[in-house]
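Working notes, beginning with the structure itself.
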Amino acid sequence: MENMKRALSYTRRAIDDYSMINEGDKIAVGVSAGKDSLTLLCAMAALRRFYPKKFELIAITVDMGFEPRQDFSAIAELCRELDVEYHVVPSEIYKIIFEVRQEKNPCSLCAKMRRGALHNAAKELGCTSVALGHHFDDVVETFMLNLFFEGRLGCFSPVTYLSRVGLNVIRPMIYMPEKDVAEFSKKNSLPVLSSPCPADKNTEREEMKTLLRTLERENKGLRYRIFGAITRGELDGFRDTGRLEGIRQYADEANE
């Protein structure tokens, strides 16, 4: 696969820095069918071949229950090529949120229900960890969303232990900028499915993406400074690992 060396460089650094993988882990990659989760799946499948701590890998997609039903056959074929066991978990999340509850702001509840379905499925399949495809830009955007809309300093964590289900949630792509994720997905023609969600592209996160793009035109490197503040402040499990400048230079080289 093209650009695999770059994807592995980002993911392995994060995995090593935050001790995301233990010997004998069985890791479920949450595959939403977007570019982020599919890139993570490919990187983890490649890493599995040589990482010193041996681990198993499976992929899980939570079927949201949209009508017409989404076709995940192309993702199943990718998993066969990667030699990764693939599971599709049916749900009625769409019906509950949009028809029964008729949520005006559905994203929070939807994410909570999807996570619950994913975690339960991973536990039933004997997994020790769930890997999610949050990337560098997601870290910055989540921090800013919490600041702007909730008035608090917070983010998701690189590693979270869920005591209720006995799983670790890991985010191996926290060093990988979204531009690199998009490039990897495009170069390798990953089977990305467009989201049929009625709220897609009409969310607070999309507003924050737009705001950050605008601010960065006049403040080059803004995202890296925000990420640096998160790590130096040791917010929600992040810490200053000394990687930031190297990550920025590596990303900049790709865009020259």
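Loop-located GluC sites (Glu not before Pro) in region 1-98 (DSSP state not H, G, I, E or B) with no more than 12 neighbouring Cβ atoms inside 10 Å: E2, E23.
With the simple spin-label model, which puts each label point 7 Å out from Cα in the Cβ direction, the D16 to R239 separation comes to 1.6 nm.
Select from the chain the helices, each a whole stretch of DSSP H, whose alpha-carbon atoms run 20 Å or more along the helix axis and whose Kyte-Doolittle mean is at least -0.5; answer none if there are none.
Working: long enough: 107-124 (25 Å, -0.36); 204-218 (22 Å, -1.53).
Membrane-span-like by this rule: 107-124.
Projecting the Cα atoms of G228, N105, A46 onto the charge dipole of the chain (Cβ charges, centred on the Cα centre) puts G228 farthest toward the positive pole. Grab the DSSP H runs of the chain that are 4 residues or longer, score each as -39,500 (n - 2.57), total them, divide by all residues and round the 222 nm result to the nearest 500 deg cm²/dmol. Computed ellipticity for the chain at 222 nm equals -13500 deg cm²/dmol.
Placing unit charges on C-beta atoms (Lys and Arg positive, Asp and Glu negative, everything else neutral), compute the dipole magnitude of region 32-142 about its Cα centre in debye, rounded to 20. If you can, show how the numbers build up before the last one.
Details: 14 positive and 16 negative charges, 74 e Å.
The dipole magnitude comes to about 360 debye.
Would you kindly state the longest site-free stretch of the chain, with sites defined as trypsin sites (Lys or Arg not before Pro) in a DSSP loop (not H, G, I, E, B) surrounded by at most 14 other Cβ atoms within 10 Å? Free of exposed loop sites, the longest segment is 1-48.
Spin-label model, E206/Q102: points 7 Å from Cα along the beta carbon direction are separated by 2.3 nm.
Leaving out ligands and nucleic acids, note down the accessible area per residue over region 85-220 with a 1.4 angstrom probe, in whole Å².
On the way: 7450 Å² over 136 residues.
For region 85-220, the per-residue accessible area is 55 Å².
Around the Cα centre of the chain, unit charges on the Cβ atoms of Lys, Arg, Asp and Glu (plus for the first two, minus for the last two) sum to a dipole of about 340 debye.
Quick one: pull the percent of accessible area on region 28-86 belonging to carbon and sulfur, 1.4 Å probe, ligands and nucleic acids left out. Could the numbers behind the result be given before it?
Details: 1190 of 2420 Å².
Ligands and nucleic acids excluded, carbon and sulfur reach 49 percent.
Taking 8 Å as the Cα distance limit and 6 or more residues as the minimum spacing, I'd like the relative contact order of region 138-256 as a percentage. If you can, show how the numbers build up before the last one.
Working: 79 pairs, mean separation 33.1, N = 119.
Over region 138-256, the number comes to 28 percent.
At a Förster radius of 22 Å, what calculated FRET efficiency corresponds to the Cβ-Cβ distance of E77 and K53, to the nearest 0.05? It comes out at approximately 0.15. Near V62, the amide H atoms lying under 5 Å from its own belong to V31, V89; only residues 5 or more places off or on other chains count, and H is placed 1.01 Å from N. Projecting the Cα atoms of A59, T241, N219 onto the charge dipole of the chain (Cβ charges, centred on the Cα centre) puts T241 farthest toward the positive pole.
The values are calculated or read from the model by the stated rules, or taken from the named source; none is laboratory data. The structure presented is a predicted model; accordingly, all values stated were derived computationally and were not measured. Using ideal geometry, Cβ is built from the backbone for each residue, glycine included, and neighbour counts are taken over all protein chains shown. All accessible areas refer to the heavy atoms of the entire protein, side chains included, with ligands and DNA or RNA removed. Shrake-Rupley method; radii C 1.70, N 1.55, O 1.52, S 1.80 Å.
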